[in-house]
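Written below as structure tokens is the structure these notes are about.
Please treat every number below as a calculation from the coordinates, not as lab data. Nothing here was measured: the structure is a model prediction, and the numbers come from that model. Don't worry about glycine lacking a Cβ; one is built from the backbone with ideal geometry, like all the others, and counts go over all protein chains shown.
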Ligand SMILES: [Zn+2]
């Protein structure tokens, strides 16, 4: 489990790609080996969270919740933005982070596939934020992009811990890898969200945090592939599920609730409409579940507009994140903020604002 209930967890989360309810289902339904793996993973991540809470309590500055109010929303490529500062480490299948440095910025490929994939993907995500939105790294101030591959043995998860990314290799059964661009973009986007004023990781604001991470994860992939909205699959984590699992991905923005339907994992629980909003105390109030609703609104908006989703739609979402100034925002607050951004970037009464209103309305949110 990457999160516990309680206010501390919501303010100081460890942001994992695999939601805790998937692990609980595996602990319940898996064969003895899989069930043991799931139980161990649930325990390990809880411990890691505790360690991080201690670290944060030991003098690391807390995120400034109001920073978003003062951040200028750069929407065009900024002068002087250039290069990421990547550092990819080998976790050597152990728990310690960051592990042994394998490849620094400018180094030749290592020949270790996971390390080189992590390096290239971090560059593609950096480039999305820098070239399209004028942001210099995750914090806007050029922070190094630190990642660890081969984190723990058979580790079925990937996470952003507030300072770096870490990727397991999967156990080869339930998950085959986590080094996929939409997953890497998702984890790095959690860093951008944290440094953009943050969204408290529970209930609707937590589901927005998850949704915005999915949006920029998917946009990272679409931009790297040069796909227009209608060409993209809008999946998060395509190809990461293991060979024995019936499913395409972890989540689908185009059709939430259909990413997987498996005898072991059960059915993807994401709703796409407010009528099916899930009220639960699990998963920090369903942050990985209800994110399907704002995810689908973004997809609909991009589908209505056509063209490259990382351009105007991505700019509107990015600008809304920079100007939100409400760490406890509801879906409705966020929809309003995206409309304000659309008016600023596309003009009041523009076709884009009409389409945005239509997209939110279709998922049951009136603005
Ligand atoms: Zn996440």
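Some observations on this one:
- Spin-label pair residue 92-residue 354: with each label point 7 Å from Cα along the Cα-Cβ axis, the two points sit 6.3 nm from one another.
- Note on the chain: with a GNM built from Cα contacts shorter than 10 Å, the maximum mean-square fluctuation among 184, 343, 240 falls on 343.
- Of the peptides 315-328, 88-101, the order by per-residue mean of other Cβ atoms within 10 Å, starting with the highest, comes out as 315-328, 88-101.
- Candidates 166, 224, 189: whichever shows maximal mean-square fluctuation once the chain is modelled as a Gaussian network with Cα springs under 10 Å: 224
- Protection proxy ranking of 345-352, 32-39, 135-142 - average other beta-carbon atoms within 10 Å, highest first: 135-142, 32-39, 345-352
- Semi-axes of the equivalent ellipsoid for the chain, Cα gyration tensor, largest first, Å: 29, 24, 20
- The stretch 185-306: C-alpha gyration tensor shape, a/c 1.5 cut-off, then a/b vs b/c: rounded
- Exposure proxy order (Cβ contacts within 10 Å, fewest to most) of 258, 148: 258, 148
- Modelled this way, with points 7 Å down the Cα-to-C-beta line, the labels at residue 43 and residue 366 are 5.2 nm from one another.
- Backbone N under 19 Å from the residue 311 label point (7 Å along Cα→Cβ), restricted to the stretch 197-228: 216, 218-228
- Expected 222 nm ellipticity per residue - DSSP helices of 4 or more, -39500 (n - 2.57), all of the chain, to 500: -13500 deg cm²/dmol
- Prolate/oblate/rounded label for the stretch 156-228 (Cα gyration tensor, a/c 1.5): oblate
- Neighbour counting of Cβ atoms within 10 Å sorts the residues 117, 169, fewest neighbours leading, into 117, 169.
- Shown for 330, 341, 220: other C-beta atoms within 10 Å of each C-beta, ranked fewest to most, produce the order 330, 341, 220.
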